[in-house]
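Quick notes on the structure that follows.
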Amino acid sequence: MIIAQISDTHIALDTPDADQRLRDFDVTIADINALDPGPDVIVHTGDIVHNGRPDEYAAAAAILAKARAPVYVLAGNKDNRANLRAAFAAKGYLAPDSDFVDYAVEDWPVRLIAVDTLSSGSNKGDFCRERAKRLIDMIDADTAKPIAVFAHHPPFEVTVGPDRINFETVEAMERLAHALQHSKRVVAVFSGHVHRGTTGHVGRIPATVMPSIATTLRKGEYPPAMKMCPVYHIHRFDPVWGFATEARIVGTGPSAASTRAEVLQSA
Ligand SMILES: [Fe+2]
């Protein structure tokens, strides 16, 4: 199974870099569409838009509509749950019984579980008891398959960058970390939010954080030639080895041909 992860597109229509953010998002979807083999799904781990406005979601949804693979979205701290739902509810995967943007995708050898870490009070994450119960219920709904969990805020101490704790309280982060370790079946955690690529662990579960697709908001040092090239992640799942993550730089070549050529050469 192949998952393309994108994150932190921060679509805004009235900032000086508004066009660049739209372009970054658009070229990323085009690059993913050109992959061969292409991903089975695309997961957007939140901060889809910057101000939570319906017109921003309309612009984001128009770009995501070009994706060849099915798209699943999460809520980030800049998202607005109600407006996100209005933009994406027709896809049918958002749980109808709650305002929280959390759900499980059951169609693949790996279950995909999206959690909602949005706080109404700050840009940092939150994870209340109700969300923990909902996550544990989702985990327990199937006791056979491995699970990949997607959460906007990284549920571990991020030791690169200025802010190690990305939740409002350590208790909230630990509540999520504890729920993730409730079973032995969560094999990977994928996040965004900090706008830079890094890795960590939730207990013994490997965790990966991807940079922002919005190049003007990306953290970390990039050479001038890469400053306007979005970076996204491809997560490939192998039943024996688990997940392997590849960072892909948009615009670095004919991804379809290079991927297929590598396969043929190694055969
Ligand atoms: Fe963000």
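The values are calculated or read from the model by the stated rules, or taken from the named source; none is laboratory data. The structure presented is a predicted model; accordingly, all values stated were derived computationally and were not measured. All Cβ positions, glycine included, derive from the backbone under ideal geometry; neighbour counts span all protein chains shown.
Quick one: is I113 outside any helix (DSSP H, G or I), under 25 Å from F243 (Cβ atoms) and of a type in the set (V, I, T)? Break it down into steps so the answer makes sense when it comes.
Numbers: outside any helix (DSSP H, G or I): yes; under 25 Å from F243 (Cβ atoms): yes; of a type in the set (V, I, T): yes.
So I113 fits the description; yes.
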Residues located in segment 1-47, provided they are within 16 Å of the ligand (Cβ to nearest atom), surrounded by fewer than 17 Cβ atoms within 10 Å (Cβ to Cβ) and either hydrophobic (A, V, I, L, M, F, W, C) or touching a residue at least 40 places away in the same chain (Cβ under 8 Å) (or both):
D17, Q20
Positions within segment 161-200 being within 16 Å of the ligand (Cβ to nearest atom) and at pLDDT below 95, in sequence order:
G161, P162, D163
Restricting segment 56-96 to residues that are closer than 17 Å to F150 by Cα and among the charged types (D, E, K, R), the residue that is surrounded by the fewest Cβ atoms within 10 Å (Cβ to Cβ)
R81
Looking at (1) of a type in the set (D, E, K, R); (2) more than 22 Å from Y232 (Cα to Cα); (3) in contact with a Phe, Trp or Tyr (Cβ under 8 Å, 6 or more places away or on another chain), can you tell me which one D116 breaks?
(2)
Under 7 Å between Cβ atoms, which residue pairs at least 6 apart in sequence (or on different chains) link something in segment 176-187 that is of a type in the set (K, R) with a partner that is outside any loop (DSSP other than H, G, I, E, B) and surrounded by 15 or more Cβ atoms within 10 Å (Cβ to Cβ)?
R185/I139; R185/I147
